[in-house]
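Asker: One structure, as structure tokens, below. Some questions next.
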Amino acid sequence: MSDQDDSLSLVLFSGTDDKLNAAAILAVGAAAMGRPVHVFLQYWACDAFRADRIEKDHGVSPEAGPEGAAAMARMQERGQLHWSETLRQAKEIGQVDVQACSLSMDLFEITKDDMDPMVDGVEGIAAFMASATGQIVFV
Amino acid sequence: MSDQDDSLSLVLFSGTDDKLNAAAILAVGAAAMGRPVHVFLQYWACDAFRADRIEKDHGVSPEAGPEGAAAMARMQERGQLHWSETLRQAKEIGQVDVQACSLSMDLFEITKDDMDPMVDGVEGIAAFMASATGQIVFV
Amino acid sequence: MSDQDDSLSLVLFSGTDDKLNAAAILAVGAAAMGRPVHVFLQYWACDAFRADRIEKDHGVSPEAGPEGAAAMARMQERGQLHWSETLRQAKEIGQVDVQACSLSMDLFEITKDDMDPMVDGVEGIAAFMASATGQIVFV
């Protein structure tokens, strides 16, 4: 694999805490191995990265059920990192770029200033596709 | 990357308008860059491509909530293309092949004639796997 | 593609029968073509592979609706293989490794002994990322 194809592109679509946590773990795992990571925020994930709500409760997938939601709450009480913190760590240890999808920004009528500082910029699908030369994962 | 590995294979599983729109945008982005795109329709996405319901409201992911659903409705009123139209454009500008999964067709007891003309054929998982030599994205 | 890059890594996140069935079909398709398959069980998929509940009803995606759920029940009555059986067949015909995510095991407070015998072991995200050198699909 060339350096370029070594990259991991994560298209974050879902905005629930379980999926965002799974995605953040993939990102930190790849970053720890020295792989470039591109994160592209679409739809509900884009909404979840707004500065005023990133730390709030974003719910879990409906399939979690009460038992699953309770297990997740238990993990948080025990001090499990929030997914946003896991992603910040990934950015510290590796090369992780977070871009919000311009179409999704239009959908929610928000701008880069509304986003958490972790978001590096706003880009369109063409720019994303040009950078997504390695593996792509849609979460 | 060789020409063959340049391909993008989209396994469409979900049948909600938000995910189908996200997938259509990935498809048109890849097609615009001259990349071959294979679309494989499983389960609820297969159902959503039926000729008699492709233009209808397919709902959004439960996590969208009322605020998200309202944002999507607003975009449509402003003239955002329907995902089926975005995919048709992708087929016009590039090499985009849409195949319905034969197992899913059995599940819904439908045939190729029940599908939107955009669907090029019906194939099994072996044929799909043989063509999916580049990136695979499951939506 | 080298032998190594020929691998398919399936990150199973969802625990509903429709998604698990779609994933099992991708796995058996890849295994039949002689491709190595790595399955990594996170969250609700990890829960669904517990020995005491793998054969039970895990529900379907909310979007299925009553019509979709009825179609799935009809397929089962007609003798469609359960996804767990499809995966077991994939393991028989090819090189399919199933690992549970250690973080998810902690979440549910379970150990390898609680899992179906099909699960080969428990591993962390670093081990998974090191093995996921080919295509990655998140289901």
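The values are calculated or read from the model by the stated rules, or taken from the named source; none is laboratory data. Model, not experiment: these values are computed from the prediction. Quick reminder, even Gly has a Cβ in these numbers, built from the backbone with ideal geometry, and neighbours come from all protein chains shown. These accessible areas exclude ligands, DNA and RNA; they are computed on the full protein's heavy atoms, side chains included. Shrake-Rupley method; radii C 1.70, N 1.55, O 1.52, S 1.80 Å.
Asker: Taking the stated definitions as given, is A:Leu8 crowded, with 24+ Cβ neighbours inside 10 Å and under 10 Å from the mean Cα position of the chain (by Cα)? Step through it out loud before you land on a result.
Answerer: Details: crowded, with 24+ Cβ neighbours inside 10 Å: yes; under 10 Å from the mean Cα position of the chain (by Cα): no.
It is false that A:Leu8 is crowded, with 24+ Cβ neighbours inside 10 Å and under 10 Å from the mean Cα position of the chain (by Cα).
Asker: Is there any pair with a first residue in the stretch A:67-88 that is in contact (Cβ under 8 Å) with a residue 12 or more places away in the chain and closer than 14 Å to A:Thr16 by Cβ and a second that is open to solvent by less than 50 Å² (accessible area, probe 1.4 Å) and of a type in the set (S, T, N, Q) whose Cβ atoms are under 7 Å apart and which are 6 or more apart or on different chains, and what are they?
Answerer: Qualifying pairs under 7 Å: A:Trp83/A:Asn21.
Asker: Residues in the stretch A:109-117: is at least one modelled with pLDDT of 95 or more, in a loop (DSSP other than H, G, I, E, B) and within 14 Å of the chain's Cα centre (by Cα)?
Answerer: yes
Asker: Return the residues of the stretch A:92-120 that are out of contact with any strand residue (DSSP E or B) (no Cβ under 6 Å at 6 or more places or on another chain), among the charged types (D, E, K, R) and in contact (Cβ under 8 Å) with a residue 40 or more places away in the chain; say none if nothing qualifies.
Answerer: A:Asp116
Asker: Tell me, yes or no, whether the stretch A:18-34 has at least one residue that is open to solvent by less than 60 Å² (accessible area, probe 1.4 Å), free of Cβ contacts under 8 Å to residues at least 24 places away in the same chain and more than 7 Å from every other protein chain (Cβ to nearest Cβ).
Answerer: No.
Asker: Moving on. With respect to B:Ala48, is the statement that it is without any contact (Cβ under 8 Å) to a residue 40 or more places away in the chain and either out of contact with any Lys or Arg (no Cβ under 6 Å at 6 or more places or on another chain) or more than 14 Å from B:Val11 (Cα to Cα) (or both) true?
Answerer: Details: without any contact (Cβ under 8 Å) to a residue 40 or more places away in the chain: yes; either out of contact with any Lys or Arg (no Cβ under 6 Å at 6 or more places or on another chain) or more than 14 Å from B:Val11 (Cα to Cα) (or both): yes.
Yes, satisfied.
Residues checked against (1) in a loop (DSSP other than H, G, I, E, B); (2) more than 14 Å from chain B (Cβ to nearest Cβ); (3) of a type outside the set (Phe, Trp, Tyr):
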| position | (1), (2), (3) |
| --- | --- |
| A:Gly59 | yes, no, yes |
| A:Ala64 | no, no, yes |
| A:Ala70 | no, yes, yes |
| A:Glu85 | no, yes, yes |
| A:Val98 | no, yes, yes |
| A:Leu103 | no, no, yes |
| A:Val119 | yes, yes, yes |
| A:Ala127 | no, no, yes |
| A:Ala130 | no, no, yes |
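Asker: Can you say whether B:Asp114 is of a type in the set (D, E, K, R) and open to solvent by 60 Å² or more (accessible area, probe 1.4 Å), as far as the supplied structure shows? If you could, list the steps in order and put the result at the bottom.
Answerer: Working: of a type in the set (D, E, K, R): yes; open to solvent by 60 Å² or more (accessible area, probe 1.4 Å): yes.
Spelling it out, B:Asp114 is indeed of a type in the set (D, E, K, R) and open to solvent by 60 Å² or more (accessible area, probe 1.4 Å).
Asker: Let me ask another. Among the listed residues B:Ala64, B:Ala90, B:Ala71, which satisfies the condition of being surrounded by 17 or more Cβ atoms within 10 Å (Cβ to Cβ) and over 20 Å from A:Ala45 (Cα atoms)? Break it down stepwise before answering.
Answerer: Working: B:Ala64 fails: over 20 Å from A:Ala45 (Cα atoms); B:Ala71 fails: over 20 Å from A:Ala45 (Cα atoms).
Only one candidate qualifies: B:Ala90.
Asker: Is there a residue being more than 10 Å from the chain's Cα centre (by Cα) and at the interface with chain B (Cβ under 10 Å from one of its Cβ atoms) anywhere in the stretch C:37-45?
Answerer: Initial filter on the stretch C:37-45 (more than 10 Å from the chain's Cα centre (by Cα)): C:37, C:43-44.
Checking which are at the interface with chain B (Cβ under 10 Å from one of its Cβ atoms) leaves us with none.
Scanning the stretch C:37-45 turns up no residue that is more than 10 Å from the chain's Cα centre (by Cα) and at the interface with chain B (Cβ under 10 Å from one of its Cβ atoms).
The rows are residues; the columns are (1) at pLDDT 95 or above; (2) within 22 Å of A:Ala126 (Cβ to Cβ); (3) open to solvent by 10 Å² or more (accessible area, probe 1.4 Å).
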residue: B:Leu41; (1), (2), (3): yes, no, no
residue: B:Ala51; (1), (2), (3): yes, no, yes
residue: B:Gln76; (1), (2), (3): no, no, yes
residue: B:Gln95; (1), (2), (3): yes, yes, yes
residue: B:Gln99; (1), (2), (3): yes, no, yes
residue: B:Gly124; (1), (2), (3): yes, no, yes
